[in-house]
Amino acid sequence: MRSVKLNYQGVLNFISKDEINSYKEKTEEALQKLITKTGLGNEYLGWLNYSNTITDEEIDRINQVSDKIKQNSDVLVVIGIGGSYLGAKAALSILRDYYPTQNGIEVIFFGNSFSSNYAYEVLRYLEHKEFSVNVISKSGTTTETAVAFRIIRSILHKKYGSKAKERIYVVTDEYKGALRKLANKEGYVSFSLPNDVGGRYSVLTSVGLLPMAVNGIDIKKVIQGAKDAQNYLINAPFWENDALLYAAIRNIFHQNYRKDIEVLASFEPNFTCFGEWWKQLFGESEGKHHKGLFPTTLVYSTDLHSIGQYIQDGKRNIIETIISFDKVKYDIPIPYEKDNLDELNYLSDFTLSKVNEIAREATIMAHIDGEVPVMEVQVAHLDEYTFGYLVYFFMLSAAVSGYLLGVNPFNQEGVEDYKRNMFALLNKPGYEELKRKLEARLYEKDNN
Ligand code: PA5
């Protein structure tokens, strides 16, 4: 089943089908490297087949834990950063209403920064609520997550005493990391992450599935979408394989046409968080050895009134990918008014979604005329199933695209640099030498 389609008409003004075809062989080879586990980072390929191997028992366990949380809590606080929260946040904002009317408790996110302002407000918000905590960290050592968990733990203990631990749900590695040690020692309910699934490829494991289930999302349908995506995209030939075509085309522009930036845009505001997830997936997978398209995201038509000017007419180093849907969830008519003082009666034959659709078509044509190659990722309609499909589609594309670029799409060594500096400046044992060097630099800066 092909639930997500890549429409690449909007790039054919800039590159030919022959040029795309010239990437066919190497793109297929990149896919084969993933399947046969012979490429860079092959110890992190658990996600490739995860949806086909997750058992009904595991899904049932997630649903049971989620039922318990729903019974005794108004709010679930999800503590995690990067791949340990962005996917769940994306799912919740896309699949639930802006102002919810459905069942499912509120899920809020914490531990994704060191902001004391944000932390203070979270604690104040929780003061009069019944809440549980889902702390997620693959490594079990991430500082933002660990600090937030320590803060919340003390609040939980004050509020619930010895029953506090019944409100803590841990997702982490089966054996490694401080969080695993803590969970085992305190006897928290926990889920083990497969060690061959990296953070940004983990949304379809308990990392994303538990918060989704708590928020009322049918996780079996999410998994089914990912399964069908896998079954189709692993087997489809190049010219019918949307993930391979997407990976190939973005590499052609980056490698042969000096395009530096890829904008992922949508005409639905609830796609903002999905954009954040996508940004991490591609940015952390490809941005290394001074290579890679810089991934950024926009929401239209909102951003057409701000950064839209740059997209249309600024430096021509951009490609654009637009996610579009054939069907909307809700629609409303534009009313006719007898007096027509606002001169909008010409729109009263349209619904609001039709106007949005036409805005999209108009934008795509304008951007192509402004020399921005545009691809469209077309989704029939948005639900749990297509969310799972879309996530798998992008994860597979990112992995293939990383191989085409010649990088390891599954590591993120660059992320460690700021951490080392921060640990040294915060007096973490073992960083004394670096601390001396950094403090000398700070001293110089302050005295210049
Ligand atoms: O993709 C990755 O592995 C990272 O971006 C992680 O998701 C992020 O750093 C959080 O790590 P952890 O889940 O170990 O706390």
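Which of the pairs K159/K437; K89/K163; K89/K354; K165/K419 have their Cα atoms more than 32 Å apart in this structure? It would help to have the intermediate numbers written out before the result.
Values: K159/K437 44 Å; K89/K163 28 Å; K89/K354 28 Å; K165/K419 30 Å.
Where the Cα-Cα span goes over 32 Å, the pairs concerned are K159/K437.
Keeping every protein chain in place, order I358, I364, I81 by accessible area at 1.4 Å, biggest value first, i.e. largest first.
On the way: I358 80, I364 15, I81 50 Å².
Descending order: I358, I81, I364.
Given R₀ = 25 Å, FRET efficiency for D97-Q378 by Cβ-Cβ distance, to 0.05? Intermediate results must be reported in sequence, preceding the final value.
Numbers: r = 23 Å, r/R0 = 0.93.
That pair, D97 with Q378, gives E of 0.60.
Given 0.36 nm per residue, what is the gain on full extension from N52 to N317 after removing their alpha carbon distance, in nm? Numbers along the way, then the final one.
Numbers: separation 265, 0.36 × 265 = 95.40 nm, distance 3.91 nm.
Stretched fully, the N52-N317 segment lengthens by 91.5 nm.
From the helices alone, meaning DSSP H stretches of at least four residues, give me the mean residue ellipticity at 222 nm for the chain, per-run term -39500 (n - 2.57), in deg cm²/dmol to the nearest 500.
Numbers: 17 runs with 211 residues, N = 448.
Only helices count here, giving -15000 deg cm²/dmol.
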> What are the residues whose amide H is under 5 Å from the amide H of V78, where those residues sit 5 or more places off or on another chain and H is modelled from the backbone?
Replying inline: I108, F109, F110, N134
>> If I stretch the segment between R150 and R258 completely, what's the gain in nm (0.36 nm per residue apart, minus their alpha carbon distance), one decimal?
In response: 34.3 nm
>> Can you compute the modelled spin-label distance between D342 and R124, with each label point 7 Å from Cα toward Cβ, in nm?
In response: 3.5 nm
> Sorting M365, M1 by accessible area (1.4 Å probe), largest first, what list results?
Replying inline: M1, M365
> Using 0.36 nm per residue, how much length does the chain from E186 to E19 gain when fully extended, once their Cα-Cα distance is taken away?
Replying inline: 54.3 nm
> Carbon and sulfur: what percent of the range 394-448's accessible surface (1.4 Å probe)?
Replying inline: 51 percent
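Say R0 is 30 Å: what FRET efficiency, to the nearest 0.05, do N7 and T38 get from their beta-carbon distance?
Numbers: r = 32 Å, r/R0 = 1.07.
Plugging the Cβ-Cβ distance into 1/(1 + (r/R0)^6) gives 0.40.
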> Just by accessible area at a 1.4 angstrom probe, what is the order of K279, K37, K315 from largest to smallest?
Replying inline: K315, K37, K279
> Could you give the nm distance between label points at A366 and Q309, where each point is 7 Å from its Cα heading toward the beta carbon?
Replying inline: 1.3 nm
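Report the calculated FRET efficiency for T302 and D74 (r = Cβ-Cβ distance, R0 = 22 Å), to the nearest 0.05. Provide the component values of the computation, followed by the final result.
On the way: r = 31 Å, r/R0 = 1.42.
Here the calculated transfer efficiency is 0.10.
Within the chain, which is the longest segment containing none of the GluC sites (Glu not before Pro) that sit in a DSSP loop and have at most 14 other Cβ atoms within 10 Å?
175-336
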> Which distance in Å, rounded to a whole number, links the C-alpha centroids of the range 235-286 and the range 54-75?
Replying inline: 33 Å
>> With a 1.4 Å probe and all protein chains kept in place, how much accessible area does T36 have, in Å² rounded to the nearest 10?
In response: 80 Å²
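Expressed as a rounded percentage, what relative contact order does the range 46-217 have, with Cα pairs under 8 Å and six or more residues apart? Each step should come with its number before you reach the end.
Numbers: 275 pairs, mean separation 58.4, N = 172.
In percent, rounded to a whole number, it is 34.
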> Using the per-residue mean of other Cβ atoms lying within 10 Å as a proxy for protection, in what order, highest first, do the peptides 242-248, 348-354 fall?
Replying inline: 242-248, 348-354
> To the nearest Å, what is the center-to-center distance of the range 291-344 and the range 159-202, using C-alpha atoms only?
Replying inline: 41 Å
>> Using a 1.4 Å probe on the protein heavy atoms only, what accessible surface does K138 show? Give it in Å² to the nearest 10.
In response: 40 Å²
> Where Rh denotes the Kirkwood radius from the mean inverse Cα pair distance, what is Rg over Rh for the range 368-448?
Replying inline: 1.27
> Can you list, bin by bin at 10 Å, the percent of alpha carbon pairs in the chain, starting at 0?
Replying inline: 4, 19, 28, 25, 17, 6, 1, 0
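I'd like the carbon and sulfur percentage of the solvent accessible area for the range 46-217, probe radius 1.4 Å, heavy atoms only, ligands and nucleic acids excluded. Intermediate results must be reported in sequence, preceding the final value.
On the way: 3790 of 7600 Å².
Ligands and nucleic acids excluded, carbon and sulfur give 50 percent.
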>> Taking θ = phi - 60°, what integer Hz values does the Karplus form 6.51 cos²θ - 1.76 cosθ + 1.60 yield along the range 267-284, in sequence order, with x for Gly and Pro?
In response: 9, 10, x, 6, 8, 3, 6, 4, x, 5, 4, 4, 4, 5, 4, 7, x, 7
> How long is the range 46-217 along each principal axis, judged by its Cα atoms, biggest number first, in Å?
Replying inline: 42, 39, 29
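I'd like to check one number: the per residue accessible area of the chain, probe 1.4 Å, reported in Å² as a whole number.
Details: 21760 Å² over 448 residues.
For the chain, the per-residue accessible area is 49 Å².
The values are calculated or read from the model by the stated rules, or taken from the named source; none is laboratory data. Values in this document were obtained by computation on a predicted structure and should not be read as measured data. Because the Cβ atoms are built from the backbone with ideal geometry, glycine has one as well, and the counts that use them run over all protein chains shown. Just the protein is used for accessible areas: all its heavy atoms, side chains included, with ligands, DNA and RNA removed. Shrake-Rupley method; radii C 1.70, N 1.55, O 1.52, S 1.80 Å.
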